[in-house]
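First comes the structure, then the notes that go with it.
Throughout, read-outs are computed from the coordinates displayed, never taken from laboratory work. For clarity, every value in this text was computed on a predicted model and none was experimentally measured. Please note: Cβ atoms are built from the backbone with ideal geometry, for glycine as well, and neighbour counts cover all protein chains shown.
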Amino acid sequence: MEGYKGRIATADLKMKSVNDKFRRKGIAMGVISGLTYGIYSTLVSIASGQEPLISAIGILAAPMVACGLNDLFAGIWLTFYNLKKGRIKEMGRSLNTFPGKMIVLGSLLGGPIANGAYLVGLANAGAYAIPISATCGLFGAIFAWIFLKQKPTKRVAFGMLIVISGAIVINLVKPEAAPNFTLGIICAFIAAISWGLEGVISSYGGSLLDSDIAVNIRELLSGIVILVVILPIIKELPLLKATFEATTPIFWLIASGLCAAASFLSWYKANSTVGTAVGMSLNVTYAFWGVFFSILFLGQELTSTIVIGSILIIVGAVTVTMNPLDLFRKES
């Protein structure tokens, strides 16, 4: 009998060890997703600062070209990844399903609309747009309340107030070198709202499809729609051609596409191992990394408002999506 109990105890210890390792891996993937998205934000800003993008006329011109190329390159990187994994045939099958169509709808919201608005925000408000866009967790909770009847708890409501406070702090002081600062902040909010809505719409499809395939569809479709549909409408195909001829911004966008692909892959893997709430909370740290890298490499001015506001938004976003103590609490 004692030998039997000993074997049970040993099995429990081994299971606990496996669960702990699984959780640590998920948390690591979540941290990587936030870091790589922060790098993506920096790289795409560098690309937008190269000719001919930096001299482009029009609010949408450079951001839309950069967004379309970045998402296309991210989709190509992900296609190579799925091709290597032997899952490429799943893309066509997934698109023919209802969950696949939900991913397509989410892709249009999260790609051309959200990512386009995000890059317009970066172009006009600099690093200030990054933490504002991180309020997507707040809007995700609001939309889940409206459409999914998931009433927010007191913790979620408190987190929402913290996020709003952070957004107000960031907007207290307008940078002198940003004449379209307010427009940039508005676009960052549009990105956050669209990403929040994308999360609600695509959560159903993402839960039933292979996450690697879902991310691949999202990025590839977004890039194609922007380059093939939106750019001709806004008459920016000449800028796209000139960007390819310049080559330098293309190299930066290929790199930013790789980081975006890595970020989404890591985020979805984190969601599948430690849950969407923890995964989203770790991913939103891109607000810190984006601001940090902008200060380090792009000469962004470090002000008290951007530091305090960023911290408030990150803390609030984490509080909205989960109990912050769960990040440090070990599984029993």
Please list, in order along segment 283-299, the HN-Hα scalar couplings obtained from phi with the Karplus expression 6.51 cos²θ - 1.76 cosθ + 1.60 (θ = phi - 60°), rounded to whole Hz, x for Gly and Pro.
5, 5, 5, 4, 4, 5, 5, x, 5, 4, 5, 5, 5, 6, 10, 10, x
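Under a Cβ-only charge scheme (Lys and Arg +1, Asp and Glu -1), can you give me the dipole magnitude of segment 29-322 about the Cα centre, in debye to the nearest 20?
840
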With a 10 Å cut-off between alpha carbons and a GNM built on the chain, which of A270, A178, A144 moves the most?
A178
For E245 and T97, compute 0.36 nm times the residue count separating them, minus their Cα-Cα distance, and round to one decimal in nm.
49.3 nm
The distance between the Cα centres of segment 76-125 and segment 243-321, in whole Å, is 18
Under the Karplus relation with 6.51, -1.76 and 1.60 and θ = phi - 60°, whole-Hz ³J(HN,Hα) for segment 105-122, x at Gly and Pro, equal 4, x, 5, 5, 6, x, x, x, 7, 5, 5, x, 5, 4, 6, 5, x, 4
When the Karplus curve 6.51 cos²θ - 1.76 cosθ + 1.60 is applied with θ = phi - 60°, which whole-Hz ³J(HN,Hα) does each residue of segment 255-263 get, with x for Gly and Pro?
5, 5, x, 5, 5, 5, 4, 5, 5
Would you work out which of I39, F147, F73 lies farthest towards the positive end of the dipole of the chain, given +1 charges on the beta-carbon of Lys and Arg and -1 on that of Asp and Glu, about the Cα centre?
F147
If I take R0 = 35 Å and measure r between the Cβ atoms of K89 and I308 in this structure, what FRET efficiency does the formula 1/(1 + (r/R0)^6) give, to the nearest 0.05?
0.10
Does segment 112-242 classify as rounded, prolate or oblate by the C-alpha gyration tensor (a ≥ b ≥ c root eigenvalues; a/c under 1.5 gives rounded; else a/b over b/c gives prolate, otherwise oblate)?
oblate
Taking only C-alpha pairs under 8 Å that are 6+ residues apart, what is the relative contact order of segment 29-322 in percent?
43
Kindly rank 237-243, 247-253, 129-135 from highest to lowest mean number of other beta carbons found within 10 Å of each residue.
129-135, 247-253, 237-243
Return the label of the correct value of semi-axes √(5λ) of the Cα gyration tensor in Å, as calculated from the structure shown, out of [x] 125, 53, 17; [y] 34, 25, 18; [z] 42, 21, 18.
[y]
